Amino acid sequence: MFITIRCVGCRMAEYTVKCVTTDDSSQYDDCRCIEKIGFPGKNSPTVTRTPTQVYDMIENDGDTVLVKYDGQTTKVIGATHGTTKYVRTEPNDTKDDNLLKQPSC
């Protein structure tokens with residue numbers, strides 16, 4: 001016998017990116033060069049997570065991560081390159097990833 005448990009009225013967390021830290025020496029010049037992603041903290045100005053941690057927040061925990069840039073809000077999605085987990089913004093009107101337009105942490 002299988003029992004399906006459904007959480008009615010549950011709401012996953014929503015986070016807005018505050019800043020990113022990139023690796024200037026990375027072989028990549030896209031979102032794969034991001035080392036840390038910062039979010040506003042409750043008890044500290046900024047809480048940072050690795051791209052893998054943010055990937056897990058989105059893909060495994062069901063959280064929503066958003067990026068605000070140039071008056072637009074774009075959703076961050078999980079992606080993989082081989083076995084590497086990373087995150088990027090959903091495609092929108094710009095060819096550049098809005099994560100890379102965020103201030104440095």
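Details
- Residue ID - nearest to the chain's Cα centre (by Cα), chosen from residues in the stretch 1-50 that are assigned to a loop (DSSP other than H, G, I, E, B), at pLDDT 90 or above and β-branched (Val, Ile, Thr): Val17
- Within the stretch 55-84, the set of residues being free of Cβ contacts under 8 Å to residues at least 40 places away in the same chain and buried (at least 18 other Cβ atoms within 10 Å of the Cβ) comprises Tyr55, Ile58, Tyr69, Thr74, Gly78.
- Scanning the stretch 53-74 for residues being at pLDDT 95 or above and more than 14 Å from Glu14 (Cα to Cα) gives a total of 1.
The values are calculated or read from the model by the stated rules, or taken from the named source; none is laboratory data. Please read these numbers as outputs of a predicted model, since none were measured by experiment. No Cβ is skipped: glycine too gets one built from the backbone with ideal geometry, and neighbour counts run over all protein chains shown.
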